[in-house]
1. Counting heavy atoms of the protein chains only and a 1.4 Å probe, report the per residue accessible area for the range 117-362 as a whole number of Å².
2. Positive end of the charge dipole of the range 117-362 (Lys, Arg +1 and Asp, Glu -1 on Cβ, about the Cα centre): tell me which of 135, 285, 341 has its Cα farthest that way.
3. What is the set of long-range amide H partners of residue 358 at a cut-off below 5 Å, with H atoms built 1.01 Å from backbone N?
4. Using a 1.4 angstrom probe and counting only protein chains, how large is the accessible area of residue 336 in Å², to 10?
5. Please list 342, 301, 278, 436 in order of solvent-accessible area, largest first, computed with a 1.4 Å probe with all protein chains present.
6. Sequence-distant or interchain residues sharing an amide H contact under 5 Å with residue 229, placed H: which?
7. So what is the relative contact order of the range 117-362, in percent, for Cα pairs below 8 Å that sit 6 or more residues apart?
8. Got a sec? Which residues in the range 222-264 would a label at residue 320 touch, if it sits 7 Å along Cα→Cβ and we count backbone N under 19 Å?
Amino acid sequence: MNRIIAISHKRVTVLFLIVNFVMMITLSGCSKTEKVDVSHTQETVSISDSNDTEVFLDSDSSDVEEDSEGTTAQVNENETEVTHANSESSDTKAEETPEPSSELTPEPTEAQEPGRFEVHFLDVGQGDAILVICNDHAMLVDGGKSKESDKIYSYLRNHDIKHLDYIVATHPDADHIGGLAGALNYATVDVALSPVTDNETETFQNFKKYLTKQNIEITVPEAGETFVLGDADVQVIGPKTITNEDNNNSIVLRVIHGNNSFLLTGDAEEEEEQSILRSGADLKSTVLKVAHHGSAYSTGRQWLNAVSPQIAVISCGSENEYGHPTEQVLNHLKEMDISVLRTDMHGDIIFQEVEGELRYGVSFDTNEDVYTPGIIPISEEQPEQTSRVSPESDNSESTNEQTYILNTNTKKFHYPDCKSVKQMKDKNKQEYFGTRDNVIAMGYAPCGNCNP
Ligand SMILES: [Zn+2]
Ligand SMILES: [Zn+2]
């Protein structure tokens with residue numbers, strides 16, 4: 001049974017931009033019980049509630065203190081560095097002098113965990129970019145729009161990934177392949193996968209241009225093929241056929257490592273989903289990258305049943321013009337009790353396998369009306385939380401006094417029996433007796449789980 005545990009997130013601390021996974025491995029002391037219940041009661045559990053269980057990555061990396069603003073600054077800063085990479089190679093020797101493909105630069109500060117397996121869903125606004133790391137091998141699946149090149153470049157640099165075994169353009173759309181230029185500016189590549197070898201768009205031509213610089217030709221994978229990335233297996237699930245509709249030509253990959261698996265779907269729509277379902281391929285995956293940013297044309301019930309993920313990740317821009325993700329898809333996910341993480345609400349979403357178990361961290365949490373449930377560790381002794389209507393939810397609100405538990409760190413308040421309370425650090429916990437209105441007036445927001 002996979003255990004998926006929200007290990008950390010702090011609203012403004014982008015812990016994971018400079019991830020020190022060695023630190024993470026030593027964290028979250030595994031005192032959890034065998035089973036982490038990732039199913040949810042009818043009420044959604046706000047991701048932010050897992051703040052209560054936050055784990056501090058007391059890394060001494062100087063970059064760790066960046067906040068959201070800092071992230072922006074960093075990207076801007078890197079904009080110049082991308083430029084520099086073209087003209088001066090003092091800082092990064094990767095570009096003009098490709099390293100032998102079989103060699104990864106050893107990471108000096110981090111021991112190579114033999115079973116290292118991570119999947120990073122990068123926040124690239126409206127688009128996709130997914131970095132898979134296994135042992136000392138890496139694969140980048142999409143890179144967001146061209147303007148995300150800087151982010152991709154700096155992300156690889158910050159993670160010291162100078163070489164990609166695979167770079168995957170799931171399909172030629174600009175919101176998927178534009179930013180791959182940033183990757184190709186920083187890292188050398190062995191194999192470039194794309195469902196087509198050519199496309200007239202400028203973005204695709206640009207992608208090809210950078211591949212040509214590295215003497216890489218596009219490889220068109222076939223459904224049914226499997227390749228390895230470290231000790232992970234990557235199955236090519238789709239496309240089964242090439243259509244005249246780019247989205248339905250999306251390369252669909254299933255990445256499998258031990259008991260954990262990720263289904264990466266590009267922008268596949270119903271047509272491709274159906275053809276894959278007809279093929280009888282095993283789709284069952286721990287984590288599903290929801291296709292096409294959560295558009296209504298993808299992620300039907302049949303598909304979800306076949307994949308039956310514990311977590312769905314939606315990669316989309318906040319307030320994007322397409323209305324992604326759609327209510328329809330969110331409802332399907334909710335109906336099936338599938339927890340959802342969204343790049344528009346959580347920034348970079350990083351899964352990491354620790355001793356066979358999947359954990360995740362997010363770089364921020366916009367909160368509150370996160371429509372989607374989060375996953376929090378649940379101990380065995382905790383009673384299943386049932387949804388309820390707040391006794392103070394009506395007009396009697398202002399007069400009913402009762403005990404609430406405040407989290408002084410997250411500024412959330414809870415019923416005393418909320419499961420989040422049990423996860424809360426003592427130093428953040430404060431009991432308060434009074435009315436709901438008073439608590440809110442003190443600057444606290446109701447927990448999305450117990451809905452006080
Ligand atoms: Zn797209
Ligand atoms: Zn597309």
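1. 32
2. Farthest along the dipole direction, towards plus: 135.
3. The answer is 3.
4. Rounded to the nearest 10, that gives 60 Å².
5. In descending accessible area the options line up as 278, 301, 436, 342.
6. Those qualifying (amide H under 5 Å, at least 5 residues apart or on another chain) are 234.
7. Once normalised by length, the contact order is 17 percent.
8. 245-253, 263-264
The values are calculated or read from the model by the stated rules, or taken from the named source; none is laboratory data. The structure presented is a predicted model; accordingly, all values stated were derived computationally and were not measured. Quick reminder, even Gly has a Cβ in these numbers, built from the backbone with ideal geometry, and neighbours come from all protein chains shown. Side chains are part of the model used for accessible areas, which takes the heavy atoms of the whole protein and leaves out ligands, DNA and RNA. Shrake-Rupley method; radii C 1.70, N 1.55, O 1.52, S 1.80 Å.
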